[in-house]
1. Which percent of Cα pairs goes in each bin when the distances of the chain are cut into 5 angstrom slices starting at zero?
2. Taking Cα centroids, how far is region 56-79 from region 15-55 in Å?
3. Would you mind checking Lys21/Lys108; Lys24/Lys70; Lys45/Lys70; Lys21/Lys45; Lys21/Lys70 for any pair whose Cα atoms are more than 20 angstrom apart?
4. How much space per residue, in cubic angstrom, does the convex hull of the C-alpha atoms of region 55-109 take up?
5. Pick out which of Asp38, Asp48, Asp96 has the largest mean-square fluctuation in a Gaussian network model of the chain, springs linking Cα atoms closer than 10 Å.
6. For region 87-100, what does the Karplus curve 6.51 cos²θ - 1.76 cosθ + 1.60, with θ = phi - 60°, yield as ³J(HN,Hα) per residue in whole Hz, taken in order and with x for Gly and Pro?
Amino acid sequence: MKQDIQNRDHIHHLITAFYTKIRKSPDIGFFFNDTILDWPEHLEKLTDFWETQLFIGGTYRGNPLAAHAKVDHQFHHSITQEHFGLWLNLWFETIDELYQGATAEMAKRKAQKMSTMMYINIYQERDSLV
């Protein structure tokens with residue numbers, strides 16, 4: 001039986017496994033591989049982000065909406081809902097491979113909501129450029 005996501009180490013393990021898959025994806029890996037210069041630093045930042053999302057008292061400080069809009073701009077506004085769907089499928093797949101329980105399910109729900117909000121934000125940013 002798999003355990004639930006219980007601490008920062010579990011989150012880091014999840015993030016590392018997930019982004020290993022992302023980086024290999026022919027459909028979305030290039031967005032990440034062409035943008036992220038320091039993977040260990042980025043994985044720590046994402047661990048901070050998810051620790052803040054899943055547990056009280058996380059340390060994440062940043063603006064993921066602005067960061068994703070910047071990447072969309074860098075890729076000539078080519079990020080689509082399909083890309084977010086592929087990202088989300090890999091997220092769910094990785095969680096299901098490693099964990100089960102209430103926090104694992106919360107990580108799925110939060111990612112689903114975030115992916116929707118990220119795409120809406122990207123779309124709105126495009127409209128503001130017109």
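1. Reading upward from the zero bin: 2, 10, 19, 24, 22, 14, 6, 2, 1, 0, 0.
2. After rounding, the separation between the Cα centres reads 12 Å.
3. Where the Cα-Cα span goes over 20 Å, the pairs concerned are Lys24/Lys70; Lys21/Lys70.
4. Cα convex hull per residue, to the nearest whole number: 104 Å³.
5. So, out of Asp38, Asp48, Asp96, the one fluctuating most is Asp38.
6. 4, 5, 4, 5, 4, 4, 4, 5, 4, 4, 5, 9, 9, 8
Every number here is computed from the coordinates shown, using simple stated rules; none is lab data. For clarity, every value in this text was computed on a predicted model and none was experimentally measured.
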